[in-house]
Amino acid sequence: MSRVVGRRIIFRDVVGSTMDEVAALAAAGEAEGIVVVAEQQTAGRGRADRIWETPHGSAVLASILLRPLVPPERLGLLSLVAGVAVAEVIEQATGVVPALKWPNDVWIDGRKVAGILVTSRLDQSGGITAILGIGLNVNTTPAELAPGATSLAVATGRPHERAVLLAMLLDRLDRAYATFVEVRGCPDLSGWSRRAALVGDLVTVTDGERTRAGTLLGIDHTGALLLAEPDGTTARIVAGELTRGPALIPVCSRQSAVSSQQ
Ligand code: BTN
């Protein structure tokens, strides 16, 4: 089968966001598989509109245009598939075994080394245009890293060749994407589950206005998070922000007034 992901790669120095560069190519009718890679972004972004900033030439920053022929409701699984691909490449290139934090983070030693962002839109005939963005901290130094983040250089104590990592990543993603489309968006998630971070730990999941605490059980076949709640029920959560540790329970002001008098 001919190559899709990385069939054409555009290398840029500084851009706003590679997501926007690919969105413009998509709007102009570009075929799937094209990749925009940048040395630096001035308006790089992550999930929930968070800022994604990396020093010039330190990271792999790439966005890929995809037009997957899968049911739209299965598109969310693409980011899990991409997470496995990123983790496998890191392991193959460095020997370090990363973990995957639901839904889209790649961790080394409990710190984020890579993030994945998927945006999508449906056209009038039901076709999907998706943009898969990947940011991988490669040679970022400790002083340059955001709190809670790490890089491959920090984790391994040596620099890594970004071009080699990019080539490995596009190869791996090309195979993973072909399979994803072949199985109509119902991938085998055992590779994700094997690497899942925080399973068995007390966690908090914030989903819009709702915050739930419980023990992380893992994910189901649709990629939803399974959380064992204190009342014995299992919550199935399709979107949200997962953090380590139990939620902080707000103190009841009346009770605390009474106890402070005792
Ligand atoms: C996240 O962890 O929230 C996702 C981060 C995704 C960052 C990448 S870097 C390349 C691409 N361009 C962006 O603006 N974002 C993604």
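Would you grab the residues whose amide H sits under 5 Å from the one on VAL138? Only those 5+ places off in sequence or on another chain, please, with H modelled 1.01 Å from N.
Placed amide hydrogens put ALA59, VAL60, LEU152 under 5 Å from VAL138.
Any idea which of VAL81, TYR177, LEU61 is furthest toward the positive side of the dipole for the chain, if Lys and Arg beta-carbons carry +1 and Asp and Glu beta-carbons -1?
Towards the positive end, the residue furthest out is VAL81.
When the helices in the chain are scored as -39500 (n - 2.57) per DSSP H run of 4 or longer and the sum is shared across all residues, what 222 nm value do you end up with, to the nearest 500 deg cm²/dmol?
Mean residue ellipticity, 222 nm, calculated: -8000 deg cm²/dmol.
Between ILE9 and ARG244, what FRET efficiency comes out of the Förster formula 1/(1 + (r/R0)^6) with R0 = 35 Å and r the beta carbon distance, rounded to 0.05?
It comes to 0.45.
Divide the volume of the convex hull of the Cα atoms of segment 1-154 by its number of residues and quote the answer in cubic angstrom per residue.
Hull volume normalised by residue count: 120 Å³.
Counting only other residues whose beta carbon sits under 11 Å from that of ALA82, what net charge do I get with K and R as +1, D and E as -1?
0
Sticking to Cα atoms, compute the Rg of segment 144-202 to one decimal and its Dmax as the biggest Cα-Cα distance, whole number, in Å.
Rg, Dmax (Cα atoms, Å): 15.8, 41.
Who wins for biggest fluctuation among GLY83, GLY191, GLY148 in a Gaussian network model of the chain, springs between alpha carbons below 10 Å?
So, out of GLY83, GLY191, GLY148, the one fluctuating most is GLY148.
Counting only the backbone N, which residues of segment 60-83 are under 15 Å from the spot 7 Å out from the Cα of HIS221 toward its beta-carbon?
Inside the label zone: 74.
At 0.36 nm per residue, minus the direct Cα-Cα distance, what do ALA228 and GLU91 gain on full extension? Give it in nm, one decimal, please. Intermediate results must be reported in sequence, preceding the final value.
Numbers: separation 137, 0.36 × 137 = 49.32 nm, distance 3.04 nm.
Extra length available between ALA228 and GLU91 comes to 46.3 nm.
Hey, how much of the P(r) for the chain falls beyond 24 Å, as a percent of Cα pairs?
50 percent
State to the nearest 20 debye the size of the charge dipole of the chain about its Cα centre, where the only charges are +1 on K and R beta carbons and -1 on D and E beta carbons.
Numbers: 25 positive and 27 negative charges, 33 e Å.
Magnitude of the dipole: close to 160 debye.
Would you please name the GluC sites (Glu not before Pro) within segment 121-218 that are DSSP coil residues with at most 15 other C-beta atoms within 10 Å of their C-beta?
Details: sites: GLU144, GLU161, GLU182, GLU209; in loops: GLU161, GLU209.
Here the GluC sites (Glu not before Pro) that fit, given the DSSP loop and packing criteria, are GLU161, GLU209.
Over the chain, what is the relative contact order in percent, taking alpha-carbon pairs closer than 8 angstrom and at least six residues apart?
It rounds to 16 percent for the chain.
Using the membrane-span-like helix rule (whole DSSP H runs, Cα extent along the own axis of at least 15 Å, mean Kyte-Doolittle hydropathy at least 1.0), which helices of the chain qualify?
Counting only whole DSSP H runs, the qualifying helices are 77-94.
Only the coordinates and a few stated rules stand behind these numbers; no lab work does. On a predicted model such as this, the values are computed, not experimentally measured, just so you know. Every residue, glycine as well, gets a Cβ built from its backbone with ideal geometry; the counts of neighbours run over all protein chains shown.
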